[in-house]
Amino acid sequence: DCIHCNGEDYRGKASITENGYTCQRWDSQSPHSHGYNPDASYLEENYCRNPDGDPRPWCFTTSSSKRWDYCAIPRC
Ligand SMILES: O=S(=O)(Nc1cnn(C2CCNCC2)c1)c1cc(Cl)ccc1F
């Protein structure tokens with residue numbers, strides 16, 4: 001699917017970043033500890049999201065050498 005504006009409303013299932021990293025689950029603190037609350041309804045599984053007003057949806061990655069990365073989701 002696609003994103004409107006900065007994708008803060010994106011609720012799709014993309015879970016791979018634009019550089020090919022796999023997204024870390026939002027309810028996991030490994031390999032990256034973070035300050036996001038996994039009880040937030042939209043922080044599902046390991047899907048790309050934009051919870052902080054970033055320019056585009058992103059996720060923490062499962063690579064310990066890459067904390068987070070943007071996801072390649074086309075704009076509507
Ligand atoms: O736990 S975190 O969310 N980790 C973090 C590090 N970088 N980011 C970016 C994610 C994409 N948007 C810009 C911030 C998030 C986090 C947030 C804040 Cl406000 C401060 C430190 C920190 F550790």
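Where a number appears in this text, it was derived from the coordinates with a stated rule and is not lab data. Quick caveat, the model's predicted, so the values are computed rather than measured. Reconstructed Cβ throughout: ideal geometry from the backbone, glycine too, with neighbour counts over all protein chains shown.
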> Normalised by the number of residues in the stretch 8-72, what is the relative contact order in percent for Cα pairs under 8 Å and 6+ residues apart?
Replying inline: 41
>> Go through the cysteines of the chain and tell me which have no other cysteine Cβ under 4.7 Å away.
In response: C5
> What are the residues whose amide H is under 5 Å from the amide H of I3, where those residues sit 5 or more places off or on another chain and H is modelled from the backbone?
Replying inline: R75, C76
> Once phi is turned into θ = phi - 60°, what whole-Hz ³J(HN,Hα) does the Karplus curve with 6.51, -1.76 and 1.60 give for every residue of the stretch 59-76, x standing for Gly and Pro?
Replying inline: 7, 6, 10, 7, 8, 5, 8, 9, 5, 8, 7, 6, 9, 8, 10, x, 7, 5
> Along the charge dipole of the chain, which of Y21, S33, N50 sits closest to the positive end, that is, farthest toward it, with unit charges on the beta carbon of Lys, Arg, Asp and Glu (+1, +1, -1, -1)?
Replying inline: Y21
>> Residue by residue through the stretch 36-47, what is 3J(HN,Hα) from phi via Karplus (6.51 cos²θ - 1.76 cosθ + 1.60, θ = phi - 60°)? Round to whole Hz and write x for glycine and proline.
In response: 9, 8, x, 6, 5, 4, 8, 8, 8, 6, 10, 7
> Under the Kirkwood approximation for Rh and a Cα-based Rg, what ratio Rg/Rh is obtained for the chain?
Replying inline: 0.93
> With each label point set 7 Å from Cα along the Cα-Cβ vector, what nm distance links R67 and C5?
Replying inline: 2.6
> Under 5 Å between amide H atoms, partner at least 5 residues away or on a different chain: which partners does W68 have, H built in plane at 1.01 Å?
Replying inline: T61
